[in-house]
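Student: Attaching a single structure in structure tokens format; questions to follow.
The values are calculated or read from the model by the stated rules, or taken from the named source; none is laboratory data. No experiment lies behind these values; they were computed from the predicted model shown. All Cβ positions, even for glycine, are placed from backbone atoms using ideal geometry, and neighbour counts span all protein chains on display. Heavy atoms of the whole protein, side chains included, go into the accessibility calculation; ligands, DNA and RNA do not. Shrake-Rupley method; radii C 1.70, N 1.55, O 1.52, S 1.80 Å.
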Amino acid sequence: MALFGPRLDRPTALGDEGRPRATSLTVASLLVFVTLIVATTCPWAYSLQFGGSLVPTLIVPACASLGQFALGLMTLTGLVTAGLALLNRERFASLFIGQIIFMPPGTALVGGLGALLFLRPAYGVFFTGFALALVALGSTWTDTTSAESVRPALFQEALTYVAILLWVVLGALVYLAVLLVRGTVASSGQPTFSLAMFLAFVFTSAALSRIGLRWLPIRQLAPRNRRATVDWALRKVRRLNTVVLLASLAGIGVTVALTLVGLLPILYRLVPVLPTVFGLLVSEPVVVAVFGVGLLTLFLGLIALALRRMTRPVEATGNRLLAPFVAGLVLTLGMLPFTFSLLPIPLPIPVVLLVVLFGPIVLYLVGGTFVIAEYLSILPARAGGPALAAGGLVVATVGAALIGLPGPVVVATAVVAMLVWDVSAFGLGVTAELGHIPETRRLELFHAVVGLGLGVAVVLVVGLLDLARTALAGDRAAVLAGALAVLGVLVLLLGVRGYVGGEAVD
Amino acid sequence: MTEAVTTQGSTRWHGAVAAAILFAAVGVVARSGALLLAAIVPLAYLAYGLASDPVEATLTVTRHVDPDLAPPGTPVHVTLTVTNDGERGLSDVRVVDAVPEDLAVMRGSPRVGTTLEPGESTTVEYVVVARRGVHDFAPPHVRVRSLGGASVTTRRPTVSGGAELVCRLDAEAPPLDDQGSQFVGQLTTSDPGEGLTFHSTREYRRGDDANRIDWRTYAKRGELATVNYERRLAATVVLVVDARRVSRAVPGPGRPTAVELSAYAATHAVRDLLQAGHEVGVAVVGTDGDGPAGLHWLPPAGGEDQRARAFDAFEMAADATAGAPDIDRQFAELLGLVPPGAQLAMFSPMLDDRPATAVETWRSQGFPGVVLSPDVITDNTVGGQFEALQRHTRLARCQATGARVMDWRRGTPLPLALEYTFAADKRLPGQRQSGVGGSP
């Protein structure tokens with residue numbers, strides 16, 4: 001069932017090994033969504049005591065808070081989920097967009113939750129649980145909740161991270177080189193040095209143009225009747241380029257030789273205007289013009305190369321290696337300045353640097369933990385998504401209790417955790433037995449309604465118990481009594497389970 | 001009701017215990033009463049899952065197979081109805097019908113999952129494509145779960161109604177009687193004579209049959225005239241079934257091969273031609289038979305015996321697994337065996353050039369030719385579309401020689417395909433070949 005827009009899951013998701021049936025998953029998703037909205041926007045949020053400066057800007061005790069942290073959390077988890085799905089594709093465009101929408105939101109999610117866990121642990125636990133549940137449910141929709149799906153995404157993410165570092169280092173080196181050259185030219189003021197530098201610029205620009213021309217489809221775009229003319233023109237341009245390359249190289253050699261022999265000073269005396277002309281050769285407009293030709297040709301060539309790669313038949317391995325490096329360049333050029341533009345927000349620079357530098361690594365570790373957990377069978381292989389979603393909600397329940405949300409809300413979150421597991425696991429069972437084609441909505445809805453009815457009853461009963469607890473007994477006594485009661489029920493249930501199980505097998 | 005019952009328990013709620021322990025532990029450490037109370041939630045769901053009663057279900061299952069006798073390639077509708085005859089509602093009933101292994105579901109699904117109130121029924125409807133043979137439907141798998149899912153009962157209830165699908169080359173469905181006389185061997189001449197179709201009137205001659213007198217002319221003009229009909233001749237028709245390895249292709253799993261479809265069409269052609277009084281010969285190309293060059297060859301003859309022999313030959317063609325030693329020689333030998341003036345009818349999916357070349361050769365030798373080509377190519381891939389294009393080109397090549405070409409598209413019943421072809425022929429009468437030894 002496509003909720004909106006293009007499908008993110010592959011057709012294999014509709015097989016017997018795919019995601020749960022749509023009705024069950026819709027019910028589970030709605031439950032989590034409603035719980036998150038209710039838990040973060042209801043009137044009791046007014047009475048919450050926020051001590052720090054971070055949380056109040058994120059959780060506004062009004063309906064507007066939906067547009068703050070909860071919506072932000074859902075947006076980030078949605079982007080991460082979509083990115084995860086796209087990173088399992090094979091086309092360059094999908095992989096590239098997957099990189100763009102997976103790593104930055106993932107890093108922001110990890111960084112934000114990490115900061116929250118550090119600054120306000122209770123809120124951190126609460127929102128981490130919900131983030132886990134949302135990502136798990138989202139990736140269950142896209143059928144990417146398995147080690148086989150997460151592993152390639154992590155590999156891609158690592159490559160992108162390395163690419164970003166490489167691009168940053170390269171950019172820094174180029175910047176340093178420019179600074180160095182400018183400083184040297186400005187400080188030396190020698191015409192000979194200026195001439196040599198100019199020739200070096202010409203050589204570099206010609207070399208860049210040569211590379212760019214190689215990739216540009218000039219001949220292919222020319223009309224067929226003008227191919228011969230274009231071929232002739234291209235040959236001429238290449239010849240000219242070769243001449244410029246060789247001439248600039250020879251010019252550097254001659255300049256060095258004349259300098260060593262000592263003829264240049266004589267030449268400067270004979271032609272007094274030469275030092276001035278050579279000085280002008282390394283002025284900014286000239287350098288920009290000379291370099292501009294090379295860089296522009298190279299840039300256009302790179303665009304042509306990228307377009308060719310995007311339109312070429314799918315070559316998965318090549319695309320998986322190339323996409324991270326291109327995405328790394330785009331992220332370096334676009335996202336890093338964007339990130340640093342956020343600095344006016346009262347966040348310390350070290351924190352931002354830590355998030356940008358180590359966020360991707362933490363994201364990688366989180367994904368790696370999931371993969372290892374599935375390999376160790378801690379998470380069920382076919383029901384990893386529902387299990388993770390339920391686990392996340394269990395964590396969120398703990399967080400809700402630690403925050404101090406009202407008892408019914410805490411209990412309702414626990415109920416939703418159980419319901420998400422129940423409904424999703426049921427949908428998976430139906431999928432495994434019947435596939436996705438037969439009509440099963442009535443069956444799924446009946447199961448969901450029974451589970452929900454039980455949940456409502458439990459919330460009511462436990463709510464009454466909570467009322468009795470707070471009214472009749474002291475807080476400490478009630479906690480002790482409750483702990484003993486739970487322990488007793490657990491022990492009793494273990495016995496009952498053996499009895500019922502034995503009877504069922506018989 | 002004889003049925004197999006198995007029951008098993010569910011392990012779905014084991015994780016709930018861990019959640020309860022976590023809530024309790026954190027609740028005690030953090031002294032949170034709400035969290036301790038929340039520990040009751042997983043335990044409640046655990047209890048709900050464990051305490052459900054084992055299911056006692058009384059189910060009646062009926063199956064209807066329509067048609068239960070069908071030729072290859074025919075869509076067969078199967079309807080399975082499961083009724084809850086018990087007094088308790090069933091919260092989770094999952095039914096999977098046992099589709100015979102050799103058949104593939106073309107439309108619908110043989111599975112369903114639903115709830116059933118007392119007296120309520122659920123119906124599974126799906127369509128399979130008939131393949132030659134007798135296909136038994138085993139009892140369906142019916143799985144009933146308790147409310148919490150702790151108890152699962154799997155049954156194989158006995159089924160009333162249709163239990164098998166018989167697919168034969170000479171199956172009567174779909175009826176071909178109306179179209180049979182039009183298929184091949186309808187040899188009309190330009191000479192008037194006795195027949196069924198009006199040709200002309202002429203002056204009455206002494207001795208003319210009284211039932212040929214044109215009484216309307218007599219009433220108008222008072223002159224006796226005799227009606228001439230298109231004279232029909234008994235013809236000799238040789239049916240050539242292409243059973244080569246390349247022609248044993250299927251459009252998908254569980255579908256009949258192109259050879260099966262060709263054999264089915266040829267079976268009906270034999271029946272209709274023999275009924276019309278024509279002599280029919282059969283040649284199976286592409287298998288290693290006992291005729292010249294490995295052909296399976298039945299010389300043209302009439303009568304019921306010939307029909308039985310032809311049917312055996314077609315069955316052999318449909319079942320063949322071995323190939324022929326020399327296909328080109330078989331086609332060459334065939335021309336030597338066919339009596340002068342005979343018509344040749346080729347039944348081939350036209351998946352390569354050989355059948356088209358053979359038809360061109362026949363036409364160049366002056367034999368009237370008919371081509372019936374079952375379409376087994378799927379065109380949902382580029383390769384499939386290319387193959388389909390090549391096949392259409394081959395059919396066009398045959399048509400260009402003057403042979404009558406019938407493209408039997410997948411999913412179209414044979415009579416309908418024939419009807420389309422003859423309707424097209426009527427619109428283009430100039431292209432229709434006629435007469436014994438009609439010119440190419």
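Student: So what is the relative contact order for the range A:189-283, in percent, with contacts set as C-alpha pairs under 8 Å and at least six apart?
Tutor: 60 percent
Student: Can you find, among A:V243, A:V288, A:V271, the residue farthest towards the positive end of the dipole of the range A:176-329? Put +1 on the C-beta of Lys and Arg, -1 on that of Asp and Glu.
Tutor: Comparing the listed Cα positions along the dipole, A:V243 ranks first.
Student: Given the range B:276-380, what whole percent of its Cα pairs are spread farther than 17 Å?
Tutor: Looking at the range B:276-380, the distances longer than 17 Å represent 56 percent of pairs.
Student: If you rank A:E90, B:E125 by how much accessible surface each has, with a 1.4 Å probe, what is the order from largest down?
Tutor: B:E125, A:E90
Student: What's the extension gain from A:V162 to A:L260 if we count 0.36 nm per residue and subtract their Cα-Cα distance?
Tutor: Result for the pair: 30.8 nm of gain on full extension.
Student: Across 10 Å bins from the origin, how do the percents of Cα pairs in the range A:61-177 run, short distances first?
Tutor: Calculated over all Cα pairs of the range A:61-177, the distribution is 13, 37, 30, 16, 4, 0 percent.
Student: Still on this structure: To the nearest 10 square angstrom, what accessible area does A:I303 show with a 1.4 Å probe?
Tutor: The value for A:I303 is about 70 Å².
Student: Going by accessible area, probe 1.4 Å, with all protein chains left in place, what is the ranking of A:R441, A:R308, B:R271, largest first?
Tutor: So, going from the largest accessible area down, we get A:R441, A:R308, B:R271.
Student: Hey, can you grab everything whose amide H is under 5 Å from the amide H of B:V371? Only 5+ residues off in sequence or another chain; H modelled, so Pro and N-termini drop out.
Tutor: The list, which skips near neighbours in sequence, is B:M346, B:R404, B:V405, B:M406.
Student: What net charge do the residues around B:R394 carry, taking every other residue with its C-beta under 9 Å from that of B:R394, with Lys and Arg at +1 and Asp and Glu at -1?
Tutor: 0
Student: Here is a further query. Taking the Cα-to-Cβ direction at A:A200 and at B:Q365 and moving 7 Å from each Cα, how far apart do the two end points lie in nm?
Tutor: For the pair A:A200/B:Q365, the computed spacing is 8.7 nm.
Student: Taking H placed 1.01 Å from N in the peptide plane, check which residues at least 5 places from B:V238 or on another chain put their amide H under 5 Å from its amide H.
Tutor: B:G281, B:Q343, B:L344, B:A345
Student: Considering amide H positions built from the backbone, and no H for Pro or chain starts, which residues 5 or more places from B:F137, or on another chain, come under 5 Å of its amide H?
Tutor: Close amide H contacts, sequence-distant or interchain: B:E164, B:L165.
Student: A:A327: net charge of surrounding residues, Cβ under 14 Å, Lys/Arg +1, Asp/Glu -1, itself excluded?
Tutor: +3
Student: For the range B:71-114, which whole percent of the accessible surface, found with a 1.4 angstrom probe, sits on carbon and sulfur atoms?
Tutor: After summing per-atom areas, the C and S share lands at 43 percent.
Student: Another question, then. Can you tell me the Rg and the Dmax, both Å, for the Cα atoms in the range A:315-462?
Tutor: When restricted to the Cα atoms of the range A:315-462, Rg and Dmax are 21.8, 59 Å.
Student: Using a simple charge model, +1 on the beta-carbon of Lys and Arg, -1 on the beta-carbon of Asp and Glu, nothing else, what dipole does the range B:292-344 show about its Cα centre, in debye to the nearest 20?
Tutor: About 140 debye.
Student: A plus B alone minus the pair: what accessible area, both sides summed, probe 1.4 Å, in Å² to 100?
Tutor: 4300 Å²
Student: Another one. For a quick size check, give me the Cα extents of the range B:359-421 along its three principal axes, largest first, whole Å.
Tutor: 39, 27, 12
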